[in-house]
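Please read the structure below before turning to the comments.
The values are calculated or read from the model by the stated rules, or taken from the named source; none is laboratory data. It should be emphasised that the depicted structure is a prediction, and the values quoted were computed from it without experimental measurement. Cβ sites come from the backbone with ideal geometry, for glycine too, and all protein chains shown count toward neighbours.
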Amino acid sequence: MELIETDGLASAVEVAAAHPLASSGLVVLTPLWRFDPHEDHVARAAREEPEWLVRSEPAPAASST
């Protein structure tokens, strides 16, 4: 297992697509959140909700045929 930190979903998809396992194995993207006991977690969840079910695949590679 490898844990790679990125700025967001789009950059995570780009990094995952370039990973060696992307062509022959399985790459799983999952969000992780730092725990801050003083943060308003309800407000954070509301702010991040629009991205929860967003899929973002990289553009297909150009065919060499």
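Selection of first residues in the stretch 26-49 that are among the small types (Gly, Ala, Ser) and of second residues that are modelled with pLDDT of 85 or more and not in a helix (DSSP H, G or I), restricted to Cβ pairs under 7 Å at least 6 apart or on distinct chains, gives an empty result. Residues in the stretch 15-25 that are in a helix (DSSP H, G or I) and either of a type in the set (Ser, Thr, Tyr) or touching a residue at least 24 places away in the same chain (Cβ under 8 Å) (or both): 17 only.
Can you pull out every residue in the stretch 26-45 that is surrounded by 10 or more Cβ atoms within 10 Å (Cβ to Cβ), outside any helix (DSSP H, G or I) and not aromatic (Phe, Trp, Tyr)? Listed by number, the residues that qualify are 27, 29, 31, 39, 40.
In the stretch 46-65, the qualifying residues are those that are modelled with pLDDT of 85 or more and surrounded by 10 or more Cβ atoms within 10 Å (Cβ to Cβ), and the one that is nearest to residue 7 (Cα to Cα) is 47. Assess whether residue 12 counts as being surrounded by fewer than 10 Cβ atoms within 10 Å (Cβ to Cβ), in a helix (DSSP H, G or I) and at pLDDT 85 or above. No.
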